[in-house]
Amino acid sequence: MPSRNFALIFIPLAAAFAQPAPADRAEALLRQMTLDEKIGQLTQLAGLPLIPDPVKIDDRVRKGQGGSILWLSDPASINRLQKIAVEETRLKIPALFGLDVIHGFRTVFPVPFAMAASWDMDLIEKGQQIAARESRAAGIQWTFAPMLDIARDARWGRIVEGAGEDPVLGAAVARAQIRGFQGDHLSSAADRMLACAKHFAGYGAADGGRDYDSAYIPDVLLWNVYFPPFKAALDAGAGTFMSAYMDLNDVPATGNAFLLRDVLRKIWGFKGFVVSDAFAVRDLQTHGFASSPQDSAQRALLAGVDMDMGSRTYLENLAAAVKSGKVPMSVIDDSVRSILKVKFEMGLFEHPYGDAALLAKVSRAPEHLKLAREAAQRSAVLLRNEGGLLPLKANAGQKIALIGPLGDSVFDTLGSWQAMGQTLDAVTLAQGLKARGVTVEVVKGVQLRKQIPSMFDQLMGGKPETPWTEAQAGEAFTDAVEAARRADVVVLALGELALMSGELASRSSLNLPGRQQQLMEAVVATGKPVVLVLFSGRPVNIGWAASHVPAILEAWYPGSEGGNAIADLLYGDASPGGKLPVTWPRSVGQEPLFLESNLTHQPEGSQMFSSRYWDQPGTPQYPFGYGLSYTTFEYTNLHIAGSGRVSVDVRNTGSRPGVEVTQLYIHQRAGGASRPKRELKGFARVQLEPGEKRSLEFPLGEEQLRYWNPVSKKWIFEKHEQFDVWAGGDSRGMLHTLYRP
Ligand code: NOJ
């Protein structure tokens, strides 16, 4: 029986060579560590000297003080420091290099808000997989993404980094991004990276939309709205979470044991580790919460922040806190154990270095750029198309005037959070049109400037433009209007500069900045056909355009291949299918405006006592989920397809192929608490040929219909109640049925 003998020998050999489990490897390493080495693992050193440091970073790493390092992006510096960590420290533990790879590294995808507007989870996953492949080749193993903060107020600048207002869409996008970065749960593959679900939690609800301001969120909204994307990320295997900067209900999120211990670990069972936001541990003192640096360190660690990002507060204070008995060694050990376990799980010990040759090979690889182009096509949202002006007919001799400050700016085509330290490269709309052979005259018309620039403008925005004089501004404006007169069709490229949204980029108004509104009105007054292409990271006030400009396409910040993609859309080589991930207000005064508000004590639209302003309709400019196509779709046959399932038919009734995002909404008519008047519960993105019909089925059972009840403080499913169900191409979904599960 030779085969049996062979098996007997083979099994013990295999067992001898198999690596112990990550948890066991972490435990074994932990047992050898001194307190200082442990605190070193809890420390993330800043690769950019935003806080002066008398000690050189190389020396800190050599002493084992750099469990992680942030903000480096070139393989040479990364590998130099990694070599010190791996070869010169006593325990040879590799450092984890982290960077904000938010929407691509060398290949830049549309900003996250735009990617969410594609409602295309496969695309989102693949985009982040490419980001991981390129970053990991550079030696960056950890991204501070995805940002999962629900945002319902467009004044908040960081709305651009998330998936918008909705918890169901937000959770789907969270899952797709985590899978894209990390693979299936936390893969140890050398082309995946560790993800970080941020900012836990409630950062998007900053008072008045002012970045970093306090958020006051009742439990009912935390559980039903703000937490679900984080829970989805955790279920998809997110290895790390980041605590937020602001106070949540008067307790800084970085010192908030309710968030980081009770919810994240006890209730949800998170087994990864938590990093603070940059300098947030130190800043517990400026919040008026901690009394000293040591108090900050103690309170953050005890609340559940395992790693201190950038501030060296743990490094300088935790040893004393342990020695004085304020912080038990077991708490330090728990944090170190989680960090080491993640490092083992993700294969950092096996693949600690970047590889410049590999980076050169994978950077902006043709298939990466191809996907970036498709992503920009799929995330654009067609807001208006009167008289079928779009797609443009490519007539020989046709002259286009491309007018506006955003038509030919590489930086602003890419959007905020272009991975730091890169040579910027993007196809602008002007270049995209020219590449198609279109005759185009490019005129800026107006110059955009922030009234109050931030540190990020200096850090990331490069050299600011010299401001135009009054005379130059007047001349540029006149030139633009004259260019419009000379053209057959005008494409207006208006909106906001890339850094007008993002961190530290909140606004008090949503108007088009600068003289763009006047420019648009002057151009429209020439009588030429006008297409408005908007570049923005948030809804802006386009009330006038919505009734005077025949075609409006929201391009967001479309990334590396943006100009090619927008040109494809303008000429019909691609068809817009994006849908708004947010309710688009008529004016800033309506904010926060979102789909999931409750009904009031009088029926909607009644003259008495209903929710309203006297100077403006209460309805949005465009509803959540809205977006047009070059074709049309019809919905029929919405019905309950057996227990816990709903079905609807969608048909392409136009003459062009197109993509539709079918959306399913519900309202619970009565029960233990008032429920929102409409809630998204499912969606599907379908490509349909002219005349083609598809039946779509959506689950609608306990998982979709339960909610966190503010009275019992539990998740409940009131299955004896009646539910309205709507289906359609946006949140107005007209097709209705009633459902009692
Ligand atoms: C501060 C931001 O809030 C956070 O999102 C980011 O990841 C860190 N800085 C690191 O750059």
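Derivation of every value follows stated rules applied to the coordinates shown; laboratory data play no part. Since the structure is predicted, the reported quantities are computational estimates derived from the model, not experimental observations. Note that each Cβ is placed from the backbone with ideal geometry, even for glycine, and that neighbours are counted across all protein chains shown.
Which pairs have Cβ atoms under 6 Å, sit 6 or more apart or on different chains, and link a residue in the stretch 268-280 that is over 11 Å from ALA197 (Cα atoms) to one that is assigned to a loop (DSSP other than H, G, I, E, B) and within 8 Å of the ligand (Cβ to nearest atom)?
Partner pairs satisfying both residue conditions: ASP277/TYR245; ALA278/GLY310; PHE279/GLY310; ALA280/TYR245.
Name the single residue, out of those in the stretch 385-434 being assigned to a strand (DSSP E or B) and β-branched (Val, Ile, Thr), that is nearest to PRO513 (Cα to Cα).
ILE403
Pick from LEU628, LEU599, LEU638, LEU595: which is within 23 Å of GLY204 (Cβ to Cβ) and of a type outside the set (Gly, Ala, Ser)?
After applying the criteria, what remains is LEU595.
Residues of the stretch 64-79 being among the aliphatic types (A, V, I, L, M) and either within 16 Å of the ligand (Cβ to nearest atom) or touching a Gly at 6+ places or on another chain (Cβ under 7 Å) (or both), which ones?
Selection gives ILE69, LEU70, LEU72, ILE78.
Does PHE181 satisfy the condition of being touching a helix residue (DSSP H, G or I) at 6+ places or on another chain (Cβ under 9 Å), assigned to a strand (DSSP E or B), in contact (Cβ under 8 Å) with a residue 40 or more places away in the chain and within 16 Å of the ligand (Cβ to nearest atom)?
Considered against the rule, which asks whether it is touching a helix residue (DSSP H, G or I) at 6+ places or on another chain (Cβ under 9 Å), assigned to a strand (DSSP E or B), in contact (Cβ under 8 Å) with a residue 40 or more places away in the chain and within 16 Å of the ligand (Cβ to nearest atom), PHE181 comes out as no.
Across the stretch 40-52, what is the total count of residues that are away from the ligand (no atom under 16 Å from the Cβ) and touching a helix residue (DSSP H, G or I) at 6+ places or on another chain (Cβ under 8 Å)?
Within the stretch 40-52, residues that are away from the ligand (no atom under 16 Å from the Cβ) and touching a helix residue (DSSP H, G or I) at 6+ places or on another chain (Cβ under 8 Å) number 3.
Given the residues LEU738, LEU696, which is the only one that is assigned to a strand (DSSP E or B), crowded, with 17+ Cβ neighbours inside 10 Å and hydrophobic (A, V, I, L, M, F, W, C)?
The conditions single out LEU696.
For the stretch 452-466, how many residues are crowded, with 16+ Cβ neighbours inside 10 Å and either under 12 Å from GLU503 (Cα atoms) or free of Cβ contacts under 8 Å to residues at least 40 places away in the same chain (or both)?
4
Output the qualifying pairs, or none if there are none: Cβ atoms under 8 angstrom, residues six or more apart or on different chains, first residue in the stretch 191-202 and touching a residue at least 40 places away in the same chain (Cβ under 8 Å) and over 23 Å from ASP355 (Cβ atoms), second residue acidic (Asp, Glu) and within 11 Å of the ligand (Cβ to nearest atom).
LYS198/ASP149; LYS198/ASP277; HIS199/ASP149; HIS199/ASP277; ALA201/ASP149; GLY202/ASP149
Filter the stretch 231-264 down to the residues that are assigned to a strand (DSSP E or B) and more than 16 Å from the ligand (Cβ to nearest atom) and list them by number.
VAL251
Let's see how each residue does on (1) crowded, with 24+ Cβ neighbours inside 10 Å; (2) away from the ligand (no atom under 11 Å from the Cβ); (3) in a loop (DSSP other than H, G, I, E, B); (4) among the hydrophobic types (A, V, I, L, M, F, W, C):
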| position | (1), (2), (3), (4) |
| --- | --- |
| ILE130 | yes, yes, no, yes |
| GLU134 | yes, yes, no, no |
| ILE140 | yes, yes, yes, yes |
| ALA145 | yes, no, yes, yes |
| ILE150 | yes, yes, yes, yes |
| ALA154 | yes, yes, yes, yes |
| VAL160 | yes, yes, no, yes |
| ALA163 | yes, yes, yes, yes |
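Given the criteria in contact (Cβ under 8 Å) with a residue 40 or more places away in the chain, surrounded by fewer than 24 Cβ atoms within 10 Å (Cβ to Cβ) and either away from the ligand (no atom under 16 Å from the Cβ) or over 23 Å from SER77 (Cβ atoms) (or both), does GLU125 qualify?
Spelling it out, GLU125 is indeed in contact (Cβ under 8 Å) with a residue 40 or more places away in the chain, surrounded by fewer than 24 Cβ atoms within 10 Å (Cβ to Cβ) and either away from the ligand (no atom under 16 Å from the Cβ) or over 23 Å from SER77 (Cβ atoms) (or both).
Six or more apart or on different chains, Cβ atoms under 6 Å: show the pairs whose first residue is in the stretch 429-451 and over 17 Å from LEU553 (Cβ atoms) and whose second is among the charged types (D, E, K, R).
Matching pairs, first to second residue: THR439/LYS399; VAL442/ASP408; VAL443/ASP479; VAL446/ARG515.
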